[in-house]
Amino acid sequence: MTRFTGRVAIVTGAGSGIGRATALRLASEGARVVLADWSEEGLLETASLLPSEAVHVERKLDVSDEDAVKALVSEVKEQFGQIDILVNNAGISGGSYPPVTENEKADWEKILGVNLIGAMLMIKHVAPHMQERQQGAIVNTASVAGIRSGAGGNPYSASKAGVINLTQTAACDLGGYNVRVNAVCPGLVETGMTKAVFDYARANEKEHKLGSRCELRRYGRPEELAAAICFLASDDASYITGQALPVDGGNTASLNMPGMK
Ligand code: NAD
Ligand code: ADP
């Protein structure tokens, strides 16, 4: 018996990076996994890596499109009869932004639309089913950028701060139904989203700098995030709800202040 035997999980952003690693880990521990992503190419690649016994649906889903979210959830309910786990992981960064004095409203609407409103829409449509069954676990992928920000961090940071707050709200709304809601806050992880950062560092002999702000002195791997997400999604975390767990090599443990080592 493994942790997710008999469970059905939906993973958004499953076509790449952290979402892909999470889908693989869930399946390796017995879950049937529904892969959802905007990118069809990414979905097909993830599907090709899944063990054949892990049933899955491939779907080109935009999490910020409520009609599409609604359709996916009813299709999954019909096909599997249950949804035990939701991993709200789809996200975009859009790179770095100019100072707030030069921010574009359209950038804010796009990033908040996917990262924050997308997560809310998935919860809105999946949670009633979990409430009915009086069981369920939701894990949102926030970011250390939602805990603290930095120059050029808007609006990504704001969206992730919103995801942490949504995690608390949803945990309060759903706790009475035995549905848990938590978040992970990744530090720097090598994925599609951070490819440009890694490519630049490698091309300029600055790779050592990529982990320099972490107390573990290295960046993270998608599998290390998947492990934390799967912990929060599992019964091992049965008394944990409303929390945002940094998985960041110690990044947020440090003030990074001059004179402090
Ligand atoms: P990634 O780009 O490799 O994966 C993100 C996936 O989400 C992609 O497959 C993309 O197609 C999908 N996606 C984007 N918008 C979507 C939408 N509207 N609907 C459905 N799917 C959509 O990046 P990743 O690093 O694996 O990102 C996963 C999550 O981790 C994101 O929420 C991201 O913000 C968060 N995160 C990443 C890092 C990091 O350093 N990589 C750090 C903190 C937080
Ligand atoms: P990043 O800087 O994080 O790579 P991108 O804007 O390049 O952000 O988007 C990453 C991925 O997210 C793209 O490959 C694309 O498939 C998907 N994506 C971008 N914008 C949207 C959107 N509005 N809705 C759905 N998916 C999107």
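The values are calculated or read from the model by the stated rules, or taken from the named source; none is laboratory data. Computed from a predicted model, the values in this text were never measured in an experiment. With ideal geometry, Cβ positions are generated from the backbone for all residues, glycine too; neighbour counts draw on all protein chains shown.
Residues that are within 13 Å of ligand 1 (Cβ to nearest atom) and aliphatic (A, V, I, L, M) within segment 48-68 comprise L61, V63, A68, listed in sequence order.
Here A71, A127, A119 are screened, and the one residue that is more than 28 Å from M1 (Cα to Cα) and touching a helix residue (DSSP H, G or I) at 6+ places or on another chain (Cβ under 7 Å) is A119.
Total residues in segment 196-225 satisfying the condition of being surrounded by fewer than 18 Cβ atoms within 10 Å (Cβ to Cβ), touching a residue at least 12 places away in the same chain (Cβ under 8 Å) and of a type in the set (F, W, Y): the figure is 1. Restricted to segment 34-114, the set of helices (runs of 4 or more DSSP H) holding at least 2 residues that are within 11 Å of ligand 2 (Cβ to nearest atom) comprises 40-49, 105-112.
Got at least one residue in segment 6-25 being surrounded by fewer than 24 Cβ atoms within 10 Å (Cβ to Cβ), modelled with pLDDT under 95 and part of a loop (DSSP other than H, G, I, E, B)? No, segment 6-25 contains no residue that is surrounded by fewer than 24 Cβ atoms within 10 Å (Cβ to Cβ), modelled with pLDDT under 95 and part of a loop (DSSP other than H, G, I, E, B).
Flag set for T12, criterion: within 16 Å of ligand 2 (Cβ to nearest atom) and not basic (K, R). Taking the stated definitions as given, is A161 more than 16 Å from ligand 2 (Cβ to nearest atom), out of contact with any Asp or Glu (no Cβ under 9 Å at 6 or more places or on another chain) and not polar (S, T, N, Q)? Considered against the rule, which asks whether it is more than 16 Å from ligand 2 (Cβ to nearest atom), out of contact with any Asp or Glu (no Cβ under 9 Å at 6 or more places or on another chain) and not polar (S, T, N, Q), A161 comes out as yes. Report yes if some residue within segment 35-57 is on the phi > 0 side of the Ramachandran plot and out of contact with any strand residue (DSSP E or B) (no Cβ under 6 Å at 6 or more places or on another chain); otherwise report no. Checked segment 35-57: no residue is on the phi > 0 side of the Ramachandran plot and out of contact with any strand residue (DSSP E or B) (no Cβ under 6 Å at 6 or more places or on another chain). Applying a threshold of 7 Å to beta carbon distances and a minimum spacing of six or more residues, or different chains, the list of pairs starting in segment 170-194 at a residue that is within 15 Å of G17 (Cα to Cα) and within 16 Å of ligand 2 (Cβ to nearest atom) and ending at one that is at pLDDT 95 or above and among the acidic types (D, E) reads P186/D248; G187/D248. I need the full set of residues from segment 179-202 which are over 18 Å from C230 (Cα atoms) and not acidic (D, E), in order please. Those that are over 18 Å from C230 (Cα atoms) and not acidic (D, E): L188, T191, G192, M193, T194, K195, A196, V197, F198, Y200, A201, R202. The residue list V181, V114 contains one member that is within 14 Å of the chain's Cα centre (by Cα) and within 14 Å of ligand 1 (Cβ to nearest atom), which is V114.
Of S74, S93, S64, all but one fail to be under 18 Å from the mean Cα position of the chain (by Cα) and either under 23 Å from Q131 (Cβ atoms) or at pLDDT 95 or above (or both); the exception is S64. Scanning segment 201-225 for residues that are part of a helix (DSSP H, G or I) and farther than 28 Å from L24 by Cβ gives A203, H208, K209.
Is it true that some residue in segment 120-141 is within 15 Å of ligand 2 (Cβ to nearest atom), in contact (Cβ under 8 Å) with a residue 40 or more places away in the chain and closer than 23 Å to G250 by Cα? Yes, segment 120-141 contains a residue that is within 15 Å of ligand 2 (Cβ to nearest atom), in contact (Cβ under 8 Å) with a residue 40 or more places away in the chain and closer than 23 Å to G250 by Cα.
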